[in-house]
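Q: Quick one: structure below, then a few questions.
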Amino acid sequence: MRDISRSGFRDHPSAEMLFVVSAIKRGVSLYSYQEEFFLRTMSLEDCIAHAASIGALGIEVIPEQSMTGHPHIPDDQIAQWRAWMEQYGTTTSATDLFLDTKRHRDRWLSHEEQVASVRSDIDLAVRLGAPVIRAIINTPPEVMRDAAPYARDNGVRLLLEVHAPFHYSHPWILEHLEVMHAEGGVGLGLMPDMGTFVERFPRVVSDRALREGGRKDLVDYIVDLYDDHGDTHALMDIVHYRGGGPVEMGLARQATHFIYRDPAEMLPHMDLIGHVQAKFYEMVDDTTEYSIPYDRIIPVFEQGGFSGYLSSEYEGNRHIEDAFEVDSREEVRRQHAMFATLLGEKPSTDSKA
């Protein structure tokens, strides 16, 4: 919840300044800078420095993406990471794990191997100083259950990413919730991905389909149906019946993976929520994300007493890279300008105070 404290702008001529300060913190997943990092126009340090420069002090890292030698990352890289955290005044807010169940071509990982893989990710999180780990949505509940004691003993919490098209009443999530409540929420929890609140079809996605030769009538049909909150279950069949090709079918499939749910569905689970993947596709300006209504989402977190990190996850990059120069820095900066306003970090005048 927000608490209001009076500021020290004693010399303001017309009104006392109030800061409405939220307990919610701001951070960035380094996934957001993937285009520039891949092209080597930004180094790992550059990514951290940019996040710090915009007041996003929680750094979520995907070791598999950002560090060499994964999963056996040498001590000198860990030492350098910790030095950067100190230098830039940042902290490791989370690490991300990918449960590579198809590591072997001829078989799926056994249950024991999956648990061992998660334990290895817990060890790495401890080395990097992260208090939570994002467990990818395909992590089975029984693997979470059997890894939980190791996480708890190491002071780390495994958070299942609630990623579209899954939601809080989906059977897969309900299975996980049963395990989490039985475990007590100490070693386990939830990491909501804001992709579950896509109210408008991301235009960076539909625009790319048009650039790739998609039929405008079918692209418009898909976007309009989604934006009208239509039933997308049979959308791929409908597009097929209307003669859609690979581009249109791909867009229809994408539409079945976008969802919009009422953000209030998170409220009963707030005690389990330890971190937020603040996904976004396109910042229109410094106040608005095109598809996701953050002005209605953040108040839900505040109502629920959330005090962790909103961790930027910019995903528009891969949808525009075919035709435009990606500027992840500017997109992330805009999102944090929006966050700063919504979280009350910018002062507002109140002549009645």
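Q: Scan the range 67-78 and tell me whether some residue there is out of contact with any helix residue (DSSP H, G or I) (no Cβ under 7 Å at 6 or more places or on another chain), modelled with pLDDT under 95, closer than 24 Å to Leu160 by Cα and in a loop (DSSP other than H, G, I, E, B).
A: yes
Q: Okay, next question. When you scan the range 29-36, do you find a residue that is surrounded by fewer than 14 Cβ atoms within 10 Å (Cβ to Cβ) and within 22 Å of Val126 (Cα to Cα), even just one?
A: no
Q: Turning to a different aspect of this structure: How do the pairs read when you match residues in the range 334-345 that are touching a residue at least 12 places away in the same chain (Cβ under 8 Å) with residues anywhere that are acidic (Asp, Glu) and buried (at least 18 other Cβ atoms within 10 Å of the Cβ), using Cβ under 8 Å and keeping only pairs 6 or more apart or on different chains?
A: Qualifying pairs under 8 Å: Gln335/Glu289; Met338/Glu289.
Q: Right, another one. State whether the residues of the range 84-92 include one that is modelled with pLDDT under 95, surrounded by fewer than 18 Cβ atoms within 10 Å (Cβ to Cβ), at positive phi and not hydroxyl-bearing (Ser, Thr, Tyr).
A: no
Q: Which residue pairs have Cβ atoms under 6 Å apart, sit 6 or more places apart or on different chains, and have a first residue in the range 216-230 that is at negative phi and a second that is among the hydroxyl-bearing types (Ser, Thr, Tyr)?
A: Every condition considered, the pairs that remain are Val219/Ser206; Val223/Ser206.
Q: I would also like to ask the following. Taking Ala278 and the conditions (1) part of a strand (DSSP E or B); (2) over 24 Å from Glu36 (Cα atoms); (3) not basic (Lys, Arg), which numbered condition does it fall short on, given that it satisfies the others?
A: Single failed check for Ala278: (2).
Q: Here's another thing I want to ask about it. Are any of the residues in the range 113-131 within 30 Å of Ile297 (Cα to Cα), more than 21 Å from the chain's Cα centre (by Cα) and either of a type outside the set (Asp, Glu) or buried (at least 22 other Cβ atoms within 10 Å of the Cβ) (or both)?
A: Scanning the range 113-131 turns up no residue that is within 30 Å of Ile297 (Cα to Cα), more than 21 Å from the chain's Cα centre (by Cα) and either of a type outside the set (Asp, Glu) or buried (at least 22 other Cβ atoms within 10 Å of the Cβ) (or both).
Q: Condition first: at pLDDT below 95, within 30 Å of Thr95 (Cα to Cα) and outside any helix (DSSP H, G or I). Can you find one or more residues in the range 176-184 that meet it?
A: Scanning the range 176-184, I find at least one residue that is at pLDDT below 95, within 30 Å of Thr95 (Cα to Cα) and outside any helix (DSSP H, G or I), so the answer is yes.
Q: Tally the residues that are touching an Asp or Glu at 6+ places or on another chain (Cβ under 8 Å) and closer than 30 Å to Thr90 by Cβ, restricting the search to the range 104-129.
A: 1
Q: Follow-up question, since we're still on this one. Looking at Ala264, is it in a loop (DSSP other than H, G, I, E, B), exposed (fewer than 15 other Cβ atoms within 10 Å of the Cβ), touching a helix residue (DSSP H, G or I) at 6+ places or on another chain (Cβ under 7 Å) and at pLDDT 95 or above?
A: no
The values are calculated or read from the model by the stated rules, or taken from the named source; none is laboratory data. Because the structure is predicted, anything quoted here is derived from the model rather than measured. Reconstructed Cβ throughout: ideal geometry from the backbone, glycine too, with neighbour counts over all protein chains shown.
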